[in-house]
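The values are calculated or read from the model by the stated rules, or taken from the named source; none is laboratory data. Because the structure is a prediction, the values reported are computed rather than measured. Here Cβ is always computed from backbone atoms with ideal geometry, including for glycine, and neighbour counts include all displayed protein chains. SASA here: full protein model, heavy atoms, side chains in, ligands and nucleic acids out. Shrake-Rupley method; radii C 1.70, N 1.55, O 1.52, S 1.80 Å.
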Amino acid sequence: MTADLSVDEDLQAMLSDVFSGFSGPYVRPDHDAVWSTLREVGVARLTAPEASGGSGAGWVEAAALLRIAAGAGVAVPYAETDLLAGPLRRAAGVDDSSDHTSTVALLDSAGTAHHVPWAGATTTVLCVRPVGDTYELAEVPLDHVAIIAIEGISEVPTGSVTVGEGISWSPVPTAAVEAYVLRGALARALQCVGAMDGMLASAIEYATDRSQFGRALAKFQSVQNLVVDIAAESVLARAAVDTALADALTSGLDCELSQFRVAVARSVVSQALAVAVRNVHQVHGAIGTTHEHHLHRVTLPALQWRGEFGSPGFWEGFLSRAAVAGGIDGAWPMVAEGARVEGAARRYLDLVSGTSTL
């Protein structure tokens, strides 16, 4: 599988300029201001069709935006609005021309969605509910849903969403809802890779600028080893995620190896992130776990993203079962070429809806 993952240099530079304006230790996070700026420069609905007022770009450009924002430590519900809510609206045939923020809430049989990212902080909530073997969705303004905020580990707000009566629902194909799960899982992996880029940059800057015992921290071999490990893990994670990204670009995450590639990306990112977060805190002398230090803006959201759209154990369970099913003879082909993984998105939806438990 080959795909051109290069990003237009002018777009990349523009995105870096935009997010750098909201990054840094003395900048107060304001996701509404970030979103307004993305709208002004025309990238808030980057992948939406031009016919509906979007920019008509693809996964490569969206990936660049996700990585740069995460690396700069800037929180904004771009993935929720453009990559997740937008395709569901279009699949259901409902209006997708709004450039306001939205997030997606997967409701259970009681009409409640738990741990919804950005709950209460977007203009609307795109609610999706199971109806028998199919699904329905409805775009609901905030004043028509009950939201209970949940204290999370990062500045990305989270909450439970409950929908009342009197909502107009539209049917949405089950395939589109399952695709939403894979898109979300890949988006989170991309954000984690971007956050690791930010951790690496912060570690290098801190080790270069700070001195101890009359020597720059960067001169100590132990510090060098910590930074090199962050770089190595970041490269490994990027390679795994880029394979899934290429799949999204060429097949729309709809080929026989798509779920395997997403599972591998999520597994590798999870392992790499653990090393990167640990090492970057060690380089900073453990500074960054509090809100007094801006390092928390790249580490804490990444730890939150790692558990969304399936935990590391969820995705690694599918890889383990595929390895066991292939036996000894299937081990090397699985490593070299991949293996079929089926039912991951369906399983996730069943767990969220409460129709199945681990």
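Quick look at the numbers
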item: Count of the range 245-281 residues which are under 30 Å from Ser211 (Cβ atoms) and at pLDDT 95 or above; result: 9
item: Top-ranked residue of the range 67-107 - restricted to ones that are open to solvent by 20 Å² or more (accessible area, probe 1.4 Å) and of a type in the set (Asp, Glu), ranked as farthest from the chain's Cα centre (by Cα); result: Asp95
item: Qualifying position, being buried (at least 20 other Cβ atoms within 10 Å of the Cβ) and either among the hydroxyl-bearing types (Ser, Thr, Tyr) or closer than 14 Å to Leu245 by Cα (or both), among Ala64, Ala44; result: Ala64
item: Complete set of residues in the range 25-75 that are among the β-branched types (Val, Ile, Thr), within 17 Å of Arg188 (Cα to Cα) and in contact with a Leu (Cβ under 7 Å, 6 or more places away or on another chain); result: Thr47, Val60, Ile68
item: Selection count where residues are surrounded by fewer than 18 Cβ atoms within 10 Å (Cβ to Cβ) and on the phi > 0 side of the Ramachandran plot, scope the range 234-273; result: 1
item: Filter result (open to solvent by 40 Å² or more (accessible area, probe 1.4 Å) and in a strand (DSSP E or B)) within the range 154-170; result: Thr162
item: Looking only at the range 59-110, and only at residues there that are in contact with a helix residue (DSSP H, G or I) (Cβ under 6 Å, 6 or more places away or on another chain) and among the charged types (D, E, K, R), the one that is farthest from Ala138 (Cα to Cα); result: Arg67
item: Ala322 vs. criteria under 19 Å from the mean Cα position of the chain (by Cα), surrounded by 17 or more Cβ atoms within 10 Å (Cβ to Cβ), modelled with pLDDT of 95 or more and not in a loop (DSSP other than H, G, I, E, B); result: no
item: Which numbered condition Glu139 misses (of (1) modelled with pLDDT of 95 or more; (2) open to solvent by less than 50 Å² (accessible area, probe 1.4 Å)); result: (2)
item: Residue within the range 145-153 that is open to solvent by less than 20 Å² (accessible area, probe 1.4 Å), closer than 22 Å to Ala302 by Cβ, touching a residue at least 60 places away in the same chain (Cβ under 8 Å) and outside any strand (DSSP E or B) present; result: no
item: Pair list, Cβ under 7 Å, 6 or more apart: the range 113-125 residue more than 13 Å from Val76 (Cα to Cα), other residue of a type in the set (Asp, Glu); result: Thr124/Glu139
item: Residues (within 16 Å of the chain's Cα centre (by Cα) and free of Cβ contacts under 8 Å to residues at least 60 places away in the same chain) located in the range 240-263; result: Ala240, Val241, Ala244
